């Protein structure tokens, strides 16, 4: 199969869909690889490294799209990339369509087959291609919250771990999934006072076990959250409903309950965000303030650690690329129900029920 990867063009996004090692593995299975010049430059992966792995390096994205059948990316395609898609293309990347009607319509118009990393499942119902980026985003979220608590960044001047005689920050984490657990791990390590909210008794039991009581687990309810907000210095939103828009757990009127200078970090912003006041931001302008509350809503958080993120992502995506390339996309989708869960758009129609529900409601 002819497989291509291009340089990511989302603001300050330096991850790349395939590493030279991934290219070499695909070439060893008889596939042709096309890589846009400079695709890996942001993390030190040179064109020569891709050539040595067996890829053909092309000057621009259009050349890669023109020659490829399967396009492997990291972030959702931007408008100029959607315009290059054809009905015979398969796009394999993060899509997050529930929060992006315009992208959905563009992909439908293209006629391409679009498989989303974030909705592929495993036999236990987990999301294996979302997990590594959720790990990165969760760990980053606590670091970001700690940064924006400091006075030079607009915060109250609070040191997250405190010092002897002065208590550390109180941190609330919404959702005890992969990103929430990793956010909690870093927060506990920074000696914060951590409370986690989840609707699943099983997840709360896992929190208790993992942290030996160092994290307070609370069954998520609106009352419980509102009771805690006045005492909270940072809220990290990690809720996830696979393929669907995130629920809005903190409303605009709730901000008045919080301390001025408190921080909201919305890890769920790719799926529309779990705070009513959230709007997507970028790494060059990561925060804004509403009613005195700092909002960090960067939609590609792991892009700030592109070297770590690229290798972590490729490790889980490459087996699926090999499967689609080796069997053919249609055969691979038919044979593997977990890969088929990743199919979001095909032949001009939405194929994922959670995305279709959002489109119908719009």
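A few remarks follow.
- Residues in the stretch 196-233 that are under 19 Å from residue 158 (Cβ atoms) and out of contact with any helix residue (DSSP H, G or I) (no Cβ under 6 Å at 6 or more places or on another chain): 4 in all.
- Residue within the stretch 311-318 that is touching a strand residue (DSSP E or B) at 6+ places or on another chain (Cβ under 8 Å) and over 30 Å from residue 111 (Cβ atoms) present: no
- Test result for residue 5, touching a residue at least 60 places away in the same chain (Cβ under 8 Å), within 21 Å of residue 326 (Cα to Cα) and touching a helix residue (DSSP H, G or I) at 6+ places or on another chain (Cβ under 6 Å): no
- Candidates 266, 233, 291 - the one that is out of contact with any strand residue (DSSP E or B) (no Cβ under 6 Å at 6 or more places or on another chain) and either more than 30 Å from residue 3 (Cβ to Cβ) or surrounded by 19 or more Cβ atoms within 10 Å (Cβ to Cβ) (or both): 291
- Residue satisfying all of: in the stretch 243-253; farther than 30 Å from residue 343 by Cβ and surrounded by fewer than 19 Cβ atoms within 10 Å (Cβ to Cβ); farthest from the chain's Cα centre (by Cα) among these: 253
- The stretch 190-284 holds strands (runs of 3 or more DSSP E) entirely within its bounds, and those carrying 1 or more residues that are without any contact (Cβ under 8 Å) to a residue 60 or more places away in the chain and assigned by TED's automatic domain parsing to the domain that holds residue 162 map to 193-198, 215-219, 263-266.
- Unmet criterion (only one of (1) touching a residue at least 40 places away in the same chain (Cβ under 8 Å); (2) touching a strand residue (DSSP E or B) at 6+ places or on another chain (Cβ under 6 Å); (3) closer than 15 Å to residue 112 by Cα) for residue 91: (1)
- When we screen 345, 316 for residues that are under 21 Å from residue 121 (Cα atoms) and assigned to a helix (DSSP H, G or I), the only hit is 316.
The values are calculated or read from the model by the stated rules, or taken from the named source; none is laboratory data. The model shown is predicted, which means the values in this text are computed figures rather than measured ones. Don't worry about glycine lacking a Cβ; one is built from the backbone with ideal geometry, like all the others, and counts go over all protein chains shown.
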